[in-house]
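Some notes on the structure that comes next.
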Amino acid sequence: MADISKIQNGEAMTLREQIGLTARLALPAILAQLSSIMMQYIDASMVGRLGADQSASVGLMSSSLWLFWGVCSMITMGFSVQVAHAIGARRYDRARGVLRQGITSSLAAAIVITLVGLAIAPFLPGWLGGDDSITGNATLYFGVFIVALPVLTMNYLAGGMLRCAGNMKVPSLLNVMMCLLDVVFNFFLIFPTRELDLGPVSFTVPGAGLGVLGAALGTVAAECVTATVMMYYLCRRQPGLTISRRPLRSFIPTKTVLKKAVKIALPMTAEHVVFCGAQIMITIIVAPLGVVAIAANAFAVTAESLCYMPGFGIGDAATTLTGQSFGAGRMDLVKRFGHITVAMGMAIMTVMGAVMYVAAPAMMEIMTPVAAISELGTEILRIEAWAEPMYAAAIVAYGAFVGVGDTLLPAIMNFGSIWLVRIPVAAILAPTAGLRGVWIAMCVELTFRGAIFLWRMASGRWWRNAKKSASATGEAETETAVPEEDLE
């Protein structure tokens, strides 16, 4: 069975070995993404039991939280991709140096972003169109996550570094652990003390009764525990990336590493800001439709994520495979892994879309007992199911492009698709078709986006341009193999 070291060592790989390696890297990444989504399901279903107002207060802030989380995640990717290139070229000293500088830079950026988030937290729910019945809980929910942002950023950095080093198992297992911890913490923090009757046995279960605030605290606590373990493993146990016994000055960012990190991360960050800005605009369009529409929209987004998160898992694998192949100077594998991962993603998400169409009623009933919310959520999920294959194409192709550092044009493509297709169509349809019109607009836009990403993948420009850029700077040249002791 093929190992990822074959890429680094320049060994020949058959098509069967390439597909097998892709599957072995993608499966843990898919499981990690699914565990993350299950955590969102848990939060949504537990908060959903508290009523429509509490559900709406969480749903109102979801898109804004994605904006802040995503910016921090994109910043860490500027360093993770460099690690993939360095490991592909067997330049382990450089990989460790990038990791140390990535910790310092990402943490500093997260602190600044946290301060910005805290400054706007009291006003944000009102800006988004929330009424007085939900703005208080919405501010609390948002504020808790923002305070924890530096720790969550270290979780993003550690997971990204491990995946780009080819280690998909540890982040996956830790994400499963995070999901389980979230269940436990939420169970005691969201609900008040209550009696559980299990037939012949009944007992009192203590609870804090914090409601929406408890949901935020439970999730943050689970993520903080996971981040601590993940960072420990990355810095002390991961071969080629251990950074113990190093002088503090080695953590000071250098111009070379920062410049390349900005080159990789800036287009991704800008694209994410644009994307989340569009999500926030959708929230503003949905807010006047009422509490039921806000809650149904938020729950349906969470439910749909179960379908598309396998695509993001395969996209993570695509970044690792194309990144290490690029670092090793093996452009034949860069192209082949791009095509394999996109095909795999489209196949899996086509099946998931069909499952979502059939299971939509059950998915919504798990999250909310309110019939009106559940019925509306079911309708819009079935609209979105038709877009899943092309959404997969966009997700996975983007991951492949990121692996070689091709981020600027894909970011522009995402920007144009969302703002020139989704937002105008949603604004036109919402007044007459309500929330259904908003999701029709989303379905149309995702199909269009997938088509343009497939076109760029097929053109080959993404890897040819990266090859030219690397040739000009010498980044893709392989070096003499590093001695084994350098792996310690």
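Readers should treat all values here as calculations from the given coordinates under stated rules, not as data from a laboratory. Small disclaimer: the values here were computed from a predicted structure and weren't measured. No Cβ is skipped: glycine too gets one built from the backbone with ideal geometry, and neighbour counts run over all protein chains shown.
Per-residue HN-Hα couplings for the range 329-334, Karplus 6.51 cos²θ - 1.76 cosθ + 1.60 at θ = phi - 60°, whole Hz, x for Gly and Pro?
My calculation for the range 329-334 gives x, 9, 5, 5, 6, 4 Hz in order.
Once you compute Rg and the Kirkwood Rh from C-alpha atoms, what is the Rg to Rh ratio for the range 152-233?
Dividing the radius of gyration by the Kirkwood radius yields 1.16.
Which three numbers, in whole Å and largest first, are the semi-axes of the equivalent ellipsoid of the range 122-173 derived from its Cα gyration tensor as √(5λ)?
Each semi-axis is the square root of five times an eigenvalue, giving 35, 10, 9 Å.
Could you grab the Rg to Rh ratio for the chain? Cα atoms only, Kirkwood for Rh.
Looking at the chain, the ratio lands at 0.97.
Given H placed 1.01 Å from N in the peptide plane, which residues other than close sequence neighbours of GLY207 have an amide H under 5 Å from its amide H?
Correct list: THR193, ARG194.
Treating each Cα of the range 348-392 as an identical point scatterer and ignoring solvent, apply the Debye formula and state log10 I(q)/I(0) at q = 0.15 Å⁻¹.
Debye curve over Cα of the range 348-392, log10 I(q)/I(0) at q = 0.15 Å⁻¹: -0.35.
Where a ≥ b ≥ c are the square roots of the eigenvalues of the C-alpha gyration tensor, would you call the range 262-390 rounded, which needs a/c under 1.5, or, failing that, prolate if a/b is larger than b/c, or oblate?
oblate
Decide, for the range 397-440, between rounded, prolate and oblate: order the square roots of the alpha carbon gyration tensor eigenvalues as a ≥ b ≥ c, take rounded if a/c falls under 1.5, and otherwise choose prolate if a/b is larger than b/c, else oblate.
The shape class here is prolate.
Using the beta-carbon distance between THR104 and ALA371 and R0 = 45 Å, what value does 1/(1 + (r/R0)^6) give for FRET efficiency, to the nearest 0.05?
0.30
Measure nothing but the geometry: give the 0 to 90° angle between the long axis through the Cα atoms of 15-48 and the longest principal axis through the Cα atoms of the chain, rounded to 10°.
The angle comes out at about 30 degrees.
I'd like the orientation of helix 92-120 relative to the chain: the angle between its Cα long axis and the longest Cα principal axis, in ° from 0 to 90, rounded to 10.
Helix 92-120 sits at roughly 30 degrees to that axis.
As a footprinting exposure proxy, order VAL301, VAL116, VAL292, VAL81 by other Cβ within 10 Å, with the fewest listed first.
VAL116, VAL292, VAL301, VAL81
How many Lys pairs in the chain lie less than 20 angstrom apart by Cα atoms, where the lysines are 8 or more positions apart or on different chains?
Step by step, the pairs that qualify in the chain add up to 11.
Set the Förster distance to 45 Å, then compute FRET efficiency between ARG16 and ASP132 from the Cβ-Cβ distance, nearest 0.05.
Between ARG16 and ASP132 the formula returns 0.15.
Give the relative contact order (percent, whole number) for the chain; include only Cα pairs under 8 Å separated by 6+ residues.
23 percent
Quick check: the angle from helix 212-236's long axis to the longest principal axis of the chain, C-alpha only, nearest 10 degrees?
Value to nearest ten degrees: 10.
Please arrange ILE282, ILE440 by counting, for each residue, the other beta carbons lying within 10 Å of its beta carbon, fewest first.
Lowest count first: ILE440, ILE282.
Arranged from highest to lowest average of other beta-carbon atoms within 10 Å per residue, in what order do the peptides 452-459, 432-439 appear?
432-439, 452-459
Which of PRO389, LEU162, CYS307 sits closest to the plus end of the dipole of the chain, meaning its Cα is farthest towards the positive end, when Lys and Arg get +1 and Asp and Glu get -1 on the C-beta?
Ranked along the dipole, the leading option is LEU162.
Find out how many positive minus negative residues lie around SER172, taking Lys and Arg as positive, Asp and Glu as negative, among other residues whose Cβ is under 14 Å from that of SER172.
It works out to a net charge of +2.
Restricting attention to the range 61-164, which chymotrypsin sites (Phe, Trp or Tyr not before Pro) occupy a DSSP loop and are surrounded by at most 11 other Cβ atoms within 10 Å?
Answer in residue order: PHE123.
Would you give the gap between the C-alpha center of the range 345-407 and the C-alpha center of the range 206-264, rounded to a whole Å?
29 Å
Neighbouring Cβ atoms within 10 Å as the yardstick, rank SER45, SER133, SER57 fewest first.
SER133, SER45, SER57
Using mean Cβ contacts within 10 Å as the protection proxy, how do 165-173, 353-361 order, highest first?
Descending packing order for the listed peptides: 165-173, 353-361.
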